[in-house]
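For reference, the structure discussed in these notes is given below.
The values are calculated or read from the model by the stated rules, or taken from the named source; none is laboratory data. Because the structure is predicted, anything quoted here is derived from the model rather than measured. With ideal geometry, Cβ positions are generated from the backbone for all residues, glycine too; neighbour counts draw on all protein chains shown. Accessible surface areas use protein heavy atoms only, side chains included; no ligands, DNA or RNA. Shrake-Rupley method; radii C 1.70, N 1.55, O 1.52, S 1.80 Å.
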Amino acid sequence: MPLRAAQFVRVVVFALSALALLLVAAGGWFYLSLRASRAQLDGRATAAGLGAPVSVTRDALGVPTVRAATEVDAMRALGWLHGQERFFQMDLLRRRGAGELAELFGAAAVPIDRSARLHGFRKIAREIVARAEPRERALAEAYTAGVNAGRDALAARPFEYLVLRTSPQPWRLEDSALVTFAMWFDLQEDDGRRERSLAALRETYGDEAIAFFNPLIGPSDAALDGSTAPLPPIPSPKIIDLRGRKSLSVVERVDPNALVRSENPEARWGQRAPPFDLFPARDPEFFPGSNAFALAGPRTASGAALLANDMHLDHGVPNIWYRAVLEWDDAGGHQRVVGVTLPGAPGIVAGSNGRVAWGFTDAYIDTSDVVVVQRNTIAPSLYRRGDENLEFDVRRETIRVKGGKDVELETLWTVWGPLIDEGDKKHRPLAYRWLAHDPGATNLELTRMAGARTVDEAIAIAHRCGIPAENCLIAGADGTIAWTIAGRVPRRIGFDGRLPIQWTFGDRKWDGMLPPDEVPVVKSTAAGLPSVALAKEGQLWTGNNRALGGAPGALLGDGGPAAPARAAQIRDDLTALAATKATPRDLFAVQLDDRAVMLGAWQKILLAALTPDAVAQNKTRAELRTLVEKWEGRASVDSVSYRLVRTFRSEVADLALAPILEPCRDAYARFDWHNLRYEDALQTLVREKPLHLLDPRFASWDALLLAAADAVVADLAQQGVPLAEATWGRHNTARVRHPFAKVAPKWLTGWLNQPAVPLPGDSNMPRVQSPTHGASERFVVAPGREAEGLFHMPGGQSAHPLSPFFHAGYDAWARGEPAPLLPGETKYTLTLAP
């Protein structure tokens with residue numbers, strides 16, 4: 001080898017060796033830093049401010065039992081644990097509430113921050129702290145100090161900050177309120193789009209269209225009081241006449257390839273996903289919500305009431321909840337409460353204290369209003385309230401952007417709330433009156449549930465709670481069950497709140513909040529409370545549906561509740577248990593019910609469309625019919641017929657409803673008919689076949705149904721999936737990802753993400769499940785009999801990938817196998833000392 005070539009080879013080898021050494025050194029440094037940021041599980045640690053030592057024991061799943069001398073010490077210890085194991089998750093939640101995500105993630109998060117900053121929640125959170133009563137402030141201060149002490153006790157900063165090349169900021173007293181505001185964002189609208197969508201529907205077609213396509217009360221409702229109403233008439237040709245529009249010529253058959261709809265929500269709806277998996281895209285047809293149901297003592301094997309609760313939220317790594325058992329002594333004696341906590345906030349969110357158990361579902365009552373603002377046409381900086389001309393309050397915010405230029409934001413506020421639309425020549429400005437803007441609507445009153453001794457005490461606490469409005473189901477050790485609303489409820493004067501309206505002259509307004517004695521209650525016994533409706537047959541249920549009709553329902557308002565199919569199935573499952581004395585396993589089986597009751601009608605509709613003549617024209621139709629005839633009636637992972645029928649229903653909805661309702665976008669660009677409660681209307685159209693509501697592309701409704709069937713086949717063909725292999729599990733495969741999943745190398749994402757396993761369940765049944773959304777926990781408990789309780793959740797206790805608890809429990813959740821509610825044998829013992 002020539003000398004120069006040999007020298008070149010030596011230089012290259014040396015350079016590559018040096019690079020390899022640097023990579024090994026960097027990898028070693030990262031691994032050692034990663035190890036150093038693990039939580040302490042054993043031994044002794046210091047948590048300044050404790051009144052006495054606190055014992056923390058953990059079982060094999062990492063579930064801690066905290067034994068403290070006082071409630072304040074218990075909250076300080078809980079904060080310490082959250083700070084050690086979940087600080088980055090907490091940081092994301094407070095930044096979501098405050099609109100400060102761009103400080104971590106750069107320009108990609110600016111749109112999310114911009115929408116959050118409109119509401120000014122950082123300022124409101126400080127007001128909440130300033131007005132907190134002494135007990136709440138003491139708990140918040142202890143929790144905050146515990147969070148910072150726990151995080152500071154780590155030998156290295158949490159690993160997420162190593163990846164982001166930044167340092168965590170201390171937890172502040174107002175940050176727990178910001179975590180609650182993140183939940184307001186997740187559980188309620190922040191821009192009035194429901195009211196604005198209904199207004200667009202009325203502007204386009206009138207009140208009759210609202211009544212038909214989005215009925216306030218429907219024929220299949222599953223309200224607790226049994227209230228239903230017939231579906232209003234189909235709008236006449238004078239209101240809607242598709243055949244009279246200028247459109248495509250009538251055809252017998254539409255090319256199914258032109259109708260293909262992607263099953264990927266991001267691809268289908270043109271959503272631009274951020275580079276980090278902070279907020280996964282949802283299928284627009286997938287209604288987020290939760291289940292809670294209860295049986296009174298006479299219906300159970302133990303005589304104590306039974307409560308089941310599964311709260312449905314977006315999946316992620318780590319899971320949103322952190323399990324815990326908290327124990328302390330106070331004037332009421334020894335307290336022990338078991339359940340789930342929300343990292344970033346003190347206390348147990350849902351669980352049992354041995355005397356009562358409680359759980360939640362999103363209530364979808366009306367806690368916001370879109371206010372039409374009368375702007376001064378001569379002086380645009382002014383608007384009218386009564387005879388006054390008031391000046392808009394100009395609020396300025398600065399969004400800090402990592403690696404980019406800061407974004408200056410200016411918002412206009414009225415006495416009712418911020419402007420969500422500044423208006424134009426055709427439309428007046430719109431303000432948003434949202435209960436979340438009221439500092440009195442957010443507090444730590446929920447922490448008092450730990451000390452509730454009776455169902456009536458728990459009801460009273462629920463009415464004082466400062467949380468987004470929730471259905472609260474309560475079960476007592478004495479066998480009593482109850483439903484009520486947890487959170488504040490506005491009292492409306494002069495209007496029902498369904499549509500935008502002027503508040504200029506004071507005849508339409510909010511007159512404070514409903515007093516506790518006016519908030520509806522449904523209970524298994526009338527003793528102890530005024531104006532109580534009795535629970536029928538000793539059972540209560542909620543699946544985010546409308547809970548009540550009549551005057552109580554009018555008080556709560558229309559916040560866009562879910563279609564009733566899921567709640568009705570839960571109700572019927574409970575009724576079917578009437579002949580037995582129920583156990584926790586019985587209610588857990590209801591939680592896992594994946595029967596496709598609602599889709600049964602659509603299977604029949606599809607088979608009716610696939611007539612012998614239709615099948616003879618196309619051999620794929622014959623295969624489709626054969627597969628659909630093998631109807632399992634469940635959203636099981638191996639079911640082909642379920643996926644085919646579900647897709648068919650969606651295709652029919654698109655073909656039938658989109659031509660009618662898409663013109664509403666001209667009145668409101670964000671109008672989305674998928675958010676309407678349209679199931680009864682859609683089935684009525686398919687059954688009655690009104691020609692004036694049929695897209696002119698089709699000669700008949702039968703032709704539309706056949707086109708929908710062909711589109712099912714074309715959609716799967718485009719995906720390269722043979723009909724016979726199109727199982728539901730192949731589509732409904734878990735995507736439970738870490739926020740870094742999109743930017744980390746593939747070898748690392750397999751470590752950070754949960755396994756991509758097929759999952760049973762869907763939206764219109766008790767077992768709610770999509771790839772990215774579903775039961776964030778499931779528990780069943782009879783208060784006083786917690787040892788018989790059941791629990792599981794889709795992920796482990798720790799957010800640290802080297803923790804033995806990182807993936808713990810996920811496989812059992814995916815298989816539908818519960819673990820005991822109470823922690824198992826102690827594996828780790830830690831003492832926190834003052």
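Brief remarks on what is shown
- Within the chain: Cβ-based charge dipole about Cα centre, in debye rounded to nearest 20 (Lys, Arg +1; Asp, Glu -1): 1740
- Per-residue [θ]222 nm for the chain (sum of -39500 (n - 2.57) over DSSP H runs n ≥ 4, rounded to 500): -10000 deg cm²/dmol
- Working note: Debye formula, equal point scatterers on the alpha-carbon atoms of the range 729-779, no solvent; log10 I(q)/I(0) at q = 0.13, 0.15, 0.18, 0.28 Å⁻¹ is -0.36, -0.46, -0.62, -1.04.
- Among beta bridges from DSSP that stay inside the chain, the antiparallel ones total about 85%.
- Exposure of D586 as accessible area (Å², to 10), given a probe of 1.4 Å and all protein chains: 50
- Within-13-Å neighbourhood charge of F806 [Cβ basis; K, R +1; D, E -1]: 0
- Pairwise centroid distance, computed over Cα atoms, of the range 185-207 with the range 392-424, Å: 22
- Cross-link reach list, lysines versus K509, counting only Cα pairs under 30 Å and skipping chain neighbours closer than eight places: K123, K425, K426
- Take every pair of alpha-carbon atoms less than 8 Å apart whose residues are at least six positions apart; their mean separation over the length of the range 447-504 yields a relative contact order of 30 percent.
- In summary, the lysines within cross-link reach of K581, defined as a Cα separation below 28 angstrom excluding same-chain residues under 8 places away, comprise K523, K536.
- Rel. contact order, % - alpha carbon contacts under 8 angstrom, at least six apart, the range 83-225: 31
- ³J(HN,Hα), Karplus 6.51/-1.76/1.60, whole Hz, each residue of the range 620-631, x for Gly, Pro: 5, 5, 5, 5, 4, 4, 4, 5, 5, 5, 7, 7
- Packing-based order for 428-437, 492-501, using average beta carbon neighbours within 10 Å, highest first: 428-437, 492-501
- Residue-by-residue Karplus 3J(HN,Hα) for the range 664-673, coefficients 6.51, -1.76, 1.60, Hz, glycine and proline x: 5, 5, 5, 8, 8, 4, 9, 4, 9, 5
- Sorting the segments 343-350, 377-384, 68-75 by their mean number of nearby beta carbons within 10 angstrom, highest to lowest, gives 343-350, 68-75, 377-384.
- Only Cα sites of the range 444-527 enter the Debye sum here, all with the same form factor; the resulting log10 I(q)/I(0) across q = 0.12 1/Å is -0.44, listed in q order.
- Centre separation in Å (Cα based) which lies between the range 716-744 and the range 44-117: 33
- Scattering curve values for the range 762-834, log₁₀ I(q)/I(0), Debye with Cα scatterers, q = 0.16, 0.17, 0.18, 0.24 Å⁻¹: -0.73, -0.80, -0.87, -1.18
- The alpha-carbon of K604 sits under 28 angstrom from the alpha-carbons of these lysines, leaving out residues fewer than 8 places away in its chain: K619, K630, K689.
- Restricting the calculation to Cα atoms, the range 655-814 shows an Rg/Rh of 1.09 when the hydrodynamic-style radius is the Kirkwood one.
- A simple count of charges around F495, restricted to other residues whose Cβ falls under 13 Å of its Cβ and scoring Lys, Arg +1 and Asp, Glu -1, yields -1.
- Distribution of pairwise C-alpha distances over the chain, 10 Å bins, in %: 2, 12, 21, 25, 21, 12, 5, 2, 1, 0, 0
- Using the Stokes-Einstein relation with a Kirkwood hydrodynamic radius computed over Cα pairs, the translational diffusion coefficient of the range 506-649 at 37 °C and a viscosity of 0.692 mPa s comes to 171 µm²/s.
- Our note on the geometry: Cα centres of the range 556-625 and the range 629-681, 14 Å apart.
- Burial ranking of peptide ranges 675-684, 628-637 (average Cβ count within 10 Å, highest at the top): 675-684, 628-637
- Under the criterion of Cα pairs below 8 Å and six or more residues apart, the relative contact order for the chain equals 21 percent.
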